[in-house]
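Report on one structure; see the data block that follows.
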Amino acid sequence: MEKILVLDFGGQYNQLIARRVRDLKVYAEILPYTAPLEQIKAGDYKGIIFTGGPNSIYEESSPHYSPDILKLGVPILGICYGAQLVAWMKDGKIEHADTPEFGQTEVTVNPSSLLFKDVPAKALYWMSHNDYISRAPKNYMISAWSKKCPVAAMEYPKRRIYAVQFHPEVTHTEYGQLILHNFLFRICGCKGDWEMDDFIDRTVGELRAQIGNRGVILGLSGGVDSSVAAALLSRAVGKQLTCVFVDQGLMRKDEGDMVEKAFRDLFPMNFVRVECQEEFLSHLKGVTDPEEKRNIIGVRFYEVFWKNVRELYSGGFFAQGTIYPDRIESGKGDAAKIKTHHNQVKMPEDIHFDGVIEPLKDLFKDEVRKVGERLGLPHDLVWRQPFPGPGLGVRVIGEVTAERVRILQEADAVLRDEIAKSGYDSQLSQYFAVLPGVRTVGVMGDARTYSELIAIRAVTTDDFMTADWAKIPYDLLGRISTRIISEVSGVNRVVYDISQKPPATVEWE
Ligand code: XMP
């Protein structure tokens with residue numbers, strides 16, 4: 001399989017670069033800049049991309065790499081800091097500008113460069129740098145420039161080494177994907193045959209070879225990642241797979257049933273649903289502190305999970321739905337960590353598995369969703385919005401009781417139904433109802449009511465680090481409010497949360 005290496009120097013876009021490469025149907029993997037040259041040589045890469053990074057090249061503590069990498073004969077594309085690194089490895093010069101070049105910038109390119117084939121002579125490129133290459137190394141041709149940046153791109157085509165000061169991977173760079181395309185297909189000679197179907201076939205083959213006739217136990221949280229991992233393992237080993245689905249009763253309305261139905265109807269496996277809402281609620285009785293609630297839900301979850309695993313265990317493997325972003329931390333590379341419901345599970349000492357299987361560990365979230373769809377998981381299950389591990393426990397503010405969970409589930413179901421019907425869901429990153437635990441006075445018929453308040457939260461965001469409240473049309477908000485008040489008993493008022501993150505967070509607890 002042809003592969004591109006994204007060598008990570010700590011830039012914020014390292015994963016995005018890998019994504020863009022994979023969008024062009026070439027498999028890309030990320031390694032930290034600390035990966036030894038021998039490892040890179042052994043990786044048999046068709047090309048290497050140096051990412052950007054926040055440092056200044058002449059600082060001793062900045063990430064560097066042995067210039068011997070340029071002698072491997074593998075095509076190289078340096079991006080931003082990675083471009084300066086190429087200049088530094090040879091005899092180029094880097095200087096610190098008085099003012100940074102930041103934002104969309106007009107750049108002129110030399111159209112004779114293979115990297116800029118079919119790219120117009122002038123276009124807008126995303127720049128984000130303080131340092132700049134003031135002199136290209138000997139033998140390097142300057143192939144692009146802007147007002148402030150004398151070397152916006154440079155190259156040594158004979159050795160297939162290219163460097164760009166701008167970021168081709170972000171959408172603010174016009175023709176950025178074409179530039180990456182040129183690098184992959186015209187310079188590295190890639191074919192672009194990375195397909196999800198190939199991934200499924202290959203992974204199923206590998207799983208069968210690894211598992212043999214042994215068993216596999218998978219912790220199914222009900223989320224997208226573990227569901228897709230379950231479907232893939234089912235395709236590979238069928239009834240040798242046992243999925244343990246701990247349903248703590250804090251999922252969205254009917255969600256536990258949807259997950260169970262999908263797996264029981266569509267996939268051969270042993271499916272064990274542990275329904276334990278009562279047990280969870282008894283532990284949450286009288287608890288109002290958000291952190292304490294999170295902690296109780298997390299601890300109980302694993303107690304219940306491992307208790308069931310212990311009963312089912314008869315050797316074999318443990319599987320989980322770890323995906324690529326779970327393993328990668330910027331600049332640190334392959335920082336493998338155990339991921340399950342709350343990303344911090346510890347294996348009990350008395351259960352000894354033959355190994356841990358993570359069949360999705362090389363995939364990004366949207367690739368996981370594509371695999372899920374191809375394996376035949378229902379569309380609604382695969383494309384669900386993010387849901388916090390502690391579930392509705394952190395959306396019922398204050399004490400969690402069966403009645404309050406019921407009210408929230410029903411209100412949330414109305415919200416999701418109206419948003420889906422309006423088609424507005426594609427414009428939202430996450431939307432849900434919250435039960436703030438405030439009762440207000442109202443009037444219904446001729447009678448005074450004193451009932452619960454429901455808050456609606458809906459946000460747009462790229463990365464969930466920052467988020468804006470969604471400008472949902474008033475008439476849609478109106479329909480949601482009317483339906484919740486008339487259909488959900490115990491609610492007499494609805495408000496809309498118009499807080500940005502930061503300073504607010506997406507969830508209320
Ligand atoms: P916040 O509230 O931190 O949420 O702005 C950002 C995103 O993270 C989700 N979230 C969680 N996910 N376990 C999870 O798996 C949690 O404890 C948790 N808390 C928040 C939240 O739904 C949003 O998508």
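The values are calculated or read from the model by the stated rules, or taken from the named source; none is laboratory data. In this text, all values refer to a predicted model and were calculated from it rather than measured experimentally. Glycine also receives a Cβ, built like all others from the backbone with ideal geometry; neighbour counts cover every protein chain displayed.
Being among the polar types (S, T, N, Q), farther than 23 Å from Leu180 by Cβ, assigned to a strand (DSSP E or B) and out of contact with any His (no Cβ under 6 Å at 6 or more places or on another chain) narrows it down to one residue among Ser134, Ser61; which is it? Let's see the steps before the verdict.
Values: Ser61 fails: assigned to a strand (DSSP E or B).
Being among the polar types (S, T, N, Q), farther than 23 Å from Leu180 by Cβ, assigned to a strand (DSSP E or B) and out of contact with any His (no Cβ under 6 Å at 6 or more places or on another chain) holds for just one of Ser134, Ser61, which is Ser134.
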Give me the helices (runs of 4 or more DSSP H) completely within the range 250-317, filtered to those with at least 2 residues that are closer than 17 Å to Val224 by Cα, ordered by residue number. 255-266
Residue ID - modelled with the highest pLDDT, chosen from residues in the range 345-358 that are touching a helix residue (DSSP H, G or I) at 6+ places or on another chain (Cβ under 7 Å) and more than 13 Å from Thr322 (Cβ to Cβ): Ile351
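Matching residues to (1) touching a Lys or Arg at 6+ places or on another chain (Cβ under 9 Å); (2) modelled with pLDDT under 95:
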| site | (1), (2) |
| --- | --- |
| Ile296 | no, no |
| Gly331 | no, yes |
| Asn343 | yes, yes |
| Phe364 | yes, yes |
Looking at Ser143 and the list (1) under 30 Å from Met269 (Cβ atoms); (2) free of Cβ contacts under 8 Å to residues at least 40 places away in the same chain, which single condition is not satisfied? (1)
Could you please let me know if Ala447 is crowded, with 19+ Cβ neighbours inside 10 Å and among the hydrophobic types (A, V, I, L, M, F, W, C)? no
Among the residues of the range 458-489, which ones are among the hydrophobic types (A, V, I, L, M, F, W, C) and touching a residue at least 40 places away in the same chain (Cβ under 8 Å)? Val459, Phe464, Ala470, Ile472, Leu476, Ile480, Ile484, Val488
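Tell me which residues, restricted to the range 469-505, are within 16 Å of the ligand (Cβ to nearest atom) and either outside any strand (DSSP E or B) or modelled with pLDDT under 95 (or both).
Ala470, Asp497, Ile498, Ser499, Gln500, Lys501, Pro502, Pro503, Ala504, Thr505
Suppose we filter Val246, Val228, Val287 for residues that are surrounded by 23 or more Cβ atoms within 10 Å (Cβ to Cβ), away from the ligand (no atom under 15 Å from the Cβ), in contact (Cβ under 8 Å) with a residue 60 or more places away in the chain and not assigned by TED's automatic domain parsing to the domain that holds Val405; which single one remains? Step through it out loud before you land on a result.
Working: Val246 fails: away from the ligand (no atom under 15 Å from the Cβ); Val287 fails: surrounded by 23 or more Cβ atoms within 10 Å (Cβ to Cβ).
Only one candidate qualifies: Val228.
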